Every structure is written in structure tokens, then in C-alpha cells.
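Worksheet: one structure, shown below.
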Amino acid sequence: MTLDPHHCITCSDEGEELTVLRVDEARAMALCSDDAGAHSSVEIALVDDVRTGDTLLVHAGTALMRVCAAAGASA
């Protein structure tokens with residue numbers, strides 16, 4: 001069996017990079033957008049200090065890590 005590092009070992013889904021449009025800290029959720037402009041709600045409890053403009057690696061509706069910080073912020 002060959003493992004593909006770009007896909008989840010459990011469900012075979014691929015993580016996607018989404019850009020944060022708005023953050024709801026009280027609910028630990030963010031409204032995000034993909035490159036095509038499609039919006040989705042993302043659970044952000046696993047990533048500290050998520051800000052509008054950050055790019056997050058998202059799998060199954062959960063942000064796993066910050067790929068790129070918003071301009072003027074540190075990752």
C-alpha cells in the first residue's frame with residue numbers, strides 16, 4: 001500500500017487551503033472562502049489567533065494549521 005501525503009489516511013479526502021473572511025471567536029468558527037469564491041464555515045479551535053485574511057489548511061470542516069498569516073500578522 002502506497003501512502004499519499006496529500007490525502008487523509010482515514011477517509012482519503014484532500015485538505016484544502018481556505019482564506020478567512022470573518023471570525024466568530026465566541027463559537028470558534030470562521031467564514032472562509034476558496035479560490036473559486038465558494039464560502040464555508042470552518043471550526044478553528046485547533047489553530048491559535050485566527051484572523052481575517054489568514055490562509056488555513058482545512059480538512060473535514062476543521063482548520064488544522066495556518067498556511068499563511070494575513071498581511072501585517074505573524075504566523
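No value in this document is a laboratory result; all are computed from the given coordinates. Quantities reported herein were computed from a predicted structural model and do not represent experimental measurements. As a convention, Cβ positions derive from the backbone with ideal geometry for all residues, glycine included, and neighbour counts pool all protein chains shown.
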With θ set to phi - 60° and the Karplus curve 6.51 cos²θ - 1.76 cosθ + 1.60, what are the ³J(HN,Hα) couplings of the range 17-28 in order, to the nearest whole Hz, using x for Gly and Pro?
-> 8, 10, 9, 6, 9, 7, 10, 10, 4, 4, 9, 6
Once the range 16-68 is represented by equal point scatterers at the alpha-carbon sites, with solvent omitted, what log10 I(q)/I(0) does the Debye formula produce at q = 0.15, 0.17, 0.25, 0.28 Å⁻¹?
-> -0.29, -0.38, -0.86, -1.11
Read phi for every residue in the range 41-47 and hand back ³J(HN,Hα) as whole Hz from Karplus 6.51 cos²θ - 1.76 cosθ + 1.60, θ = phi - 60°, with x for Gly and Pro.
-> 8, 10, 7, 10, 4, 7, 10
Would you mind counting up the charge near residue 45? Only other residues with Cβ under 11 Å from its Cβ, with Lys and Arg at +1 and Asp and Glu at -1.
-> -2
Taking amide hydrogens as modeled 1.01 Å from N in the peptide plane, which residues meet the under 5 Å criterion relative to residue 15, leaving out close sequence neighbours?
-> 8
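What does the highest-first list of 46-57, 30-41 look like by mean Cβ count within 10 Å?
Ranking the peptides 46-57, 30-41 by packing returns 46-57, 30-41.
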